[in-house]
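Here the structure is laid out as structure tokens; the discussion comes afterwards.
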Amino acid sequence: MTLWSTVDADYHQFFVSAPTADPTAVTTVGEIFDSGPNLIVVHTGVAAGPVRVGVSVLEAEPTGTHGEWEVVADGSVVVTDDLVVLTTLGDVVNEFGTISAPSTGKLMVRVSARGRDANWDLIVDEPTEDYLLECWPIIPDQKARAKVGRSRSKAAAKADPYGDRVADASARLFGPTKTK
């Protein structure tokens, strides 16, 4: 279920973060949103004023097309504390409640936007922009990780002390693997 309300943007932004998160702790910069630990900074077109925001907490990645959204961006965020929607001044927008921190410690976030260029850099009294924030827990893919680390026999290790170079090329993508 998607909850919709208006949020007062200021300085071209609003936040979805833990109330105690440092709003300057951005580690990833994007077109629609920046992120950091327990922090999502959504970029608006208007300099200040209300924007329409929808928040949807999902169990898995949504399916389907992006419909009439003009810009859509995905990104992962480390989340260890519950998140709330906040104005730039730190006021909680209570209509959305809280987004619980997932047990995996990471959320995938999709922010969709439309109307950002309608009143670019203006101060508005009525909402002219829409934002949809969809988030779901990142669940590690154990099958894919299991394929990375393969064990080798002692005879194969003696025959080629450098290992199976083709299989070990995955270490560049996923980090070193321990073999028996």
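The values are calculated or read from the model by the stated rules, or taken from the named source; none is laboratory data. Keep in mind that what you see is a predicted model, and the values were worked out from it rather than measured. Cβ: placed from backbone, ideal geometry, glycine included. Neighbour counts: every protein chain shown.
Among the residues of region 1-44, those identified as over 13 Å from LEU83 (Cβ atoms), β-branched (Val, Ile, Thr) and surrounded by 16 or more Cβ atoms within 10 Å (Cβ to Cβ) are VAL7, VAL26, ILE32, THR44. If you go through region 35-66 and keep only what is under 14 Å from ALA113 (Cα atoms) and of a type in the set (D, E, K, R), you end up with just ARG52. A count restricted to region 116-141 and to residues that are within 21 Å of the chain's Cα centre (by Cα) and of a type outside the set (Val, Ile, Thr) stands at 12.
The set of residues in region 18-43 that are under 11 Å from THR88 (Cβ atoms) and at pLDDT 95 or above comprises VAL41, VAL42.
Among the residues of region 12-45, those that are assigned to a loop (DSSP other than H, G, I, E, B), small (Gly, Ala, Ser) and free of Cβ contacts under 8 Å to residues at least 60 places away in the same chain comprise ALA25, GLY30. Within region 46-55, the residues that satisfy the criterion of being touching a Pro at 6+ places or on another chain (Cβ under 7 Å) and either surrounded by fewer than 20 Cβ atoms within 10 Å (Cβ to Cβ) or in a loop (DSSP other than H, G, I, E, B) (or both) are PRO50, ARG52.
Condition check: part of a strand (DSSP E or B), surrounded by 21 or more Cβ atoms within 10 Å (Cβ to Cβ), at negative phi and assigned by TED's automatic domain parsing to the domain that holds VAL7. Does VAL72 satisfy that? In short, no.
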